[in-house]
1. Determine the distance separating the Cα centre of region 351-419 from the Cα centre of region 181-199; give it in Å without decimals.
2. Cα gyration tensor of region 591-737, axes a ≥ b ≥ c as square roots of the eigenvalues: rounded (a/c below 1.5), prolate (a/b > b/c) or oblate?
3. Work out the charge dipole of the chain with +1 on the Cβ of Lys and Arg and -1 on the Cβ of Asp and Glu about the Cα centre, then indicate which of Gly177, His332, Gln605 is farthest towards its positive end.
4. Explain nothing, just compute: Karplus ³J(HN,Hα) = 6.51 cos²θ - 1.76 cosθ + 1.60, θ = phi - 60°, for every residue of region 275-285 in order, whole Hz, x for Gly and Pro.
5. Measuring from label point to label point, each 7 Å out along Cα→Cβ, what is the Arg28 to Ala457 span in nm?
6. Once you place label points 7 Å from the Cα toward the Cβ at Arg394 and Glu420, how far apart are they in nm?
7. With charges set only on the Cβ (+1 for Lys and Arg, -1 for Asp and Glu), what does the dipole of region 553-687 come to about its Cα centre, in debye to the nearest 20?
8. Sort out for me the Cα centre separation of region 479-507 from region 267-312, rounded to whole Å.
Amino acid sequence: MRTAVHGMPRIGPGRALKRALEGYWAGRVTADQLEETAASIRRQNWQTMVAAGIDFVPSNDFSLYDHVLDAAVLVGAVPPWFGGGGGGDRPGLEPYFALARGGEANGQPVAPLELTKWFDTNYHHLVPELGPGTDFRADGAKVVGELTEASEQGIATMPALLGPLTLLLRSSARPTGFDVLGLLDPLVDAYVDVLAELQRRGVRWVRLDEPSLVEERSAEELGALERAYRRLTERGDRPAIAISTFFGPVGEAMPVVRDLPVEGVGLDFCLGRENLDLLRDVGGLPDKVLFAGVVDGRNVWANDLEATLAELDRLEELARETVVSTSCSLLHVPLALSAEESLDPDVAPWLSFAHEKLEELAVLARASGEGRPSVDQALEANRAALRARRESARVVDPAVRQRVAALGEADPRRSSPYPERARAQQSALGLPRLPTTTIGSFPQTPELRTARAAWRAGRLDDAEYRRSLRHEIDRVVSLQEEVGLDVLVHGEPERDDMVRYFADQLTGFVLPAEGWVQSYGSRCVRPPVLYGDVSRPAPMTLEWTAYAQSRTTRPVKGMLTGPVTMLRWSFVRDDQSQAATTVQLALAIGDELVDLQAAGTAVIQVDEPALREGLPLRRADRPGYLAWATRAFRLVTSAAGPATQVHTHMCYAQLGDIVDALADLDIDVVSLEAARAGMGLLGDLVDARYRGGVGPGVYDVHSPTVPELDQLVALVGQAVETLGVERLWVNPDCGLK
Ligand code: GLN
Ligand code: ZN
């Protein structure tokens, strides 16, 4: 059996690319040095794959910023000032980064393209803009460059490109309402040119990624897919094409995919278990190569090799050839477990990062080709690790189980309905009209970072570290008093990350020290690994909130990260449902809420910025998700008495999909992102079931621009007009961090 990989993490060991990029942007690193770092990351990735025995080694999976932006450049879907294309020179870094981050081109300021989540992952891609003026032209400089680079190292690669349908569907129409699907034919012609060029350079196989097929697609869109791939394959001068889908099952698109005139099809059998039955139902792919995505690119658990081998046995009968493959790019997992020097030794053997996943692919291929005995030792080690995980006393906590069982199907709610609570809160808090507040964090100052680093390294003792945190709290509390805010925050100086901070103090988590995963551009996160039952041994935030409250007579808002966000921004256990895991998280976070309330915290915010991104890709699955997600949230907050004001915060403006869920959270106040979209989301709220307070952000904290006072006043005025003054709060868009 042959093996294939979609792509490798591109941030490099020790986040080498981040350092090079940020150095380049700051003028400390030259373009040549940046290119050198990038080339060395690509070389290391290729060599690691070759050493592991991978047959289909990808190229063009690397990106200096984002693969969707690269695809837009590939087909010339860029503004006229961009340059390049049409056989000209490769465009420089300046226009590329200007599109990504904003900047200048020909002396004119350039606004960056919008960022949005790459399907249901925490990776953000840039959104190309397409309109009547879009003039597609193939610009193969990057894909050919990386192909040549690899072949000079003696490595034949399979170039990876974003497919034409997904590129159109992930782009935005300018002006809105413009029919982007109408651009399919000229777009495909640009791809035809790229494929011909790759063919001339000896490429045998190319991969076209079409993850859009795992969402529901209309008959028109599926028709467009057929037309695109017919046009793409008509000419003979092209490599073999594998169309790749991932992040779920392809559903009703399976018969269409089966009949496409391509040579290979990639399916995800990790997040798309249903693909096996779907494939059977259409009689398999007798004339195609199946790239079977059986090694999970979205999670970090060691593969169950025996189970996967059994699955591969079944799949082998369903295609002309079955290739053992990752389920998607490994960009969504950290680079190498071997980089973890201090990871919990019990848990480490249960995990598999990108490098370890390459080994898994190799073992699976060898076992199916040469028989199980040829990889006896690897299989035995895998069995032992899985057994240890299954039987570990650290995974199951009987006390947590009992607590969850006692809950049964109960659907906890606040003890009184919103109007009553609002009265109780008003008499307790006595807030003015249009109360002002912030979202929680203040900037992490250099002093704080230095103190935390010294404390972690053991150079600063607990007492001194705490003193520096209290000092910072004093500073932000008096700042807020001076400014005249109504509901204060303590500023979250103790948190460098809103998920890791809590994960570090809950049971059931380990925190990989080097487990960086790209979020966008040079930005990376280190998701905690949630391996076992979750509980809260001791208060996590109480000390800081209580201290802040002791320094002021105004209410200080307690600040917690919600259970759905804890789940979404971690790598979570796969041995129970996400719903079950979220209940445990909710009970643990709820314990903190109870303590905060008992200590006199009258306003408590439970942040759920990830609630919306958790929406399943298929609409049919959404109501089920929203039901358990909102119940988990209510499990946290149901203990809040009528006079305790519960806030939540969500940082996105597209509320439409979840506006109903807002009512089901049973909260008192929500703060939202709204400034950038000019309060556009308020329309969704006018007729919504949700009747509580609303703080549409009036200050876009993600932009370096300082707004004029009259702009802010205008936004507040607009909000008052739409929602009425009684429900409104005034606050920024997101944390000031
Ligand atoms: N309370 C958090 C903060 O202010 C919320 C962060 C977020 O919305 N992502 O930083
Ligand atoms: Zn936010």
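1. One Cα centre to the other: 43 Å.
2. Because a/c hits 1.5 or more and a/b fails to exceed b/c, region 591-737 counts as oblate.
3. Sorting the options by dipole projection puts first Gln605.
4. These are the phi-based 3J(HN,Hα) values: 4, 4, 5, 4, 5, 4, 4, 9, x, x, 10 Hz.
5. 1.6 nm
6. A separation of 4.6 nm, rounded to one decimal place.
7. Details: 11 positive and 17 negative charges, 29 e Å.
Charge dipole, region 553-687, about its Cα centre: 140 debye, nearest 20.
8. 44 Å
Since every read-out is calculated from the coordinates, none of them should be taken as a lab result. Just so it is clear, the model here is predicted, and its values are computed rather than measured. Note: ideal-geometry Cβ built from the backbone for every residue, glycine included; neighbour counts use all protein chains shown.
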